[in-house]
Amino acid sequence: MIEIDAQVDLSHPPDRVWLALTDRKLLGRWFAEADTVEGVADRLLLRTAELPGFEADVEVEVTERREAALLVLACDEAGRLSEVTCVVTATSQGCRLEVREVTTHGEWSADQHDPREQQVRQTLTVRLPAILDWLAFQQVDLRRGDGALTTELPLIALRTSGRTRPRRRTLVALIGGAALLAGLAAWLTLPPDSTPTAAPASAGAPSPSETAGTTAAARKATPSVRPSRSTVSPTTRPTPTATAMPPSPTVSAVPPPPPAPPVPMVARYETESSRLFGYTGAVVVENPSGVPVADWAVVVTLGEGTTVDDVDGANWRQDGRSITFTGAEVAAGGTQAISFDVRDSRLKAQQPESCTIGGQPCAGL
């Protein structure tokens, strides 16, 4: 479990720091440009792909929010999920910001953690305080008509000798920048609730056996002659009598039965893991027949605005919302596993709308 944990003391009140954390335009000034997701509240897309330590833009969703005190973000960065927690605590000089980012699914690369942490700390300790100062002066300018100073800004003391000596303002906000940036990164890194599922076991069906009829050979009978036992007189010779053989039976050949129709291919769908804006699906194609099958196709129908990538185990093509998977010949009684990653615009969608093979629905969906 990789994490970034930092805190920074700021000379600004909690509500001003909270505004810099949650206002989309202010966020773009000190951390990264942020786009809203149309029709979905509390979700942003942070443009972090070009920042050190980030490999892609981060999808962020607010999962817990307490005004000016607590912000919890679920983040998805190209399938790597993390959770960012931002805690704002009032202090005598302003407030303390604590930021912690913890991975919940997937891992950062070995050379990604350090540049990411440095980027977060630099942003929190340099750019965030500058934006807070700018915001404070903007608020003072808006109050100019009141004729009074705001207590949120440092005061300048005057010496009685007539000379003025400005009191240096101290910014105690250069430590723990990683915490806030991590929190925003968590806004960027959307955590997917992943629950891996095992691929279904393949089942083979026995192949039909063919029986061939046997033809019996006709047996030939040899006629036998047996002399009759008659009394022989001196003048009479016995005459031998022939015994007739019964006719041999006629045997006809039995034709073999017609071959059984081919057994159709079957398939089973399962969701291996899911996240906030997508999931990883798997289809296992099974050949229950006794002969190899090369001509098969699985068609998966996805939701509107959904795309597929990282396909393994098959060739594929997309036509609108339909994805067609084809592949190599499946041996008799064998299986072929297909996995694919889906980026779904629907919130927490965990499966496609349909799955068929040869026009028949896939099991498990």
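The values are calculated or read from the model by the stated rules, or taken from the named source; none is laboratory data. What you see is a predicted model; the values in this text were computed from it and never measured. Quick reminder, even Gly has a Cβ in these numbers, built from the backbone with ideal geometry, and neighbours come from all protein chains shown.
Of A68, A136, which residue is outside any loop (DSSP other than H, G, I, E, B), among the small types (G, A, S) and modelled with pLDDT of 85 or more?
Working: A68 fails: outside any loop (DSSP other than H, G, I, E, B).
Testing whether each residue is outside any loop (DSSP other than H, G, I, E, B), among the small types (G, A, S) and modelled with pLDDT of 85 or more leaves just A136.
Give me a count of the residues in the stretch 74-97 that are under 26 Å from R275 (Cβ atoms) and either assigned to a strand (DSSP E or B) or acidic (D, E) (or both).
Going through the stretch 74-97 one residue at a time, the tally reaches 12.
Touching a residue at least 24 places away in the same chain (Cβ under 8 Å) and of a type in the set (D, E), is that true of D309? Explain how you work it out, then say what you get.
Numbers: touching a residue at least 24 places away in the same chain (Cβ under 8 Å): yes; of a type in the set (D, E): yes.
Criteria met by D309.
So in the stretch 78-96, with the set limited to residues that are hydrophobic (A, V, I, L, M, F, W, C) and closer than 18 Å to R121 by Cα, which one is surrounded by the most Cβ atoms within 10 Å (Cβ to Cβ)?
The qualifying residue surrounded by the most Cβ atoms within 10 Å (Cβ to Cβ) is V84.
So, in the stretch 58-77, of the ones that are surrounded by fewer than 16 Cβ atoms within 10 Å (Cβ to Cβ) and hydrophobic (A, V, I, L, M, F, W, C), which residue ends up nearest to L45 (Cα to Cα)?
Of everything passing the filter in the stretch 58-77, V62 is nearest to L45 (Cα to Cα).
Would you confirm, using the coordinates I've provided, whether W316 is hydrophobic (A, V, I, L, M, F, W, C) and surrounded by fewer than 20 Cβ atoms within 10 Å (Cβ to Cβ)? Break it down stepwise before answering.
On the way: hydrophobic (A, V, I, L, M, F, W, C): yes; surrounded by fewer than 20 Cβ atoms within 10 Å (Cβ to Cβ): yes.
Yes: the conditions hold for W316.
In the stretch 1-53, which residue that is of a type in the set (K, R) and surrounded by 15 or more Cβ atoms within 10 Å (Cβ to Cβ) is modelled with the highest pLDDT?
Here is the first cut: in the stretch 1-53, the residues of a type in the set (K, R) are 16, 24-25, 29, 43, 47.
In the following step, the residues that additionally are surrounded by 15 or more Cβ atoms within 10 Å (Cβ to Cβ) were identified as 16, 29, 43, 47.
Details: R16: 94, R29: 89, R43: 84, R47: 90.
Ranking the qualifying residues of the stretch 1-53, first place goes to R16.
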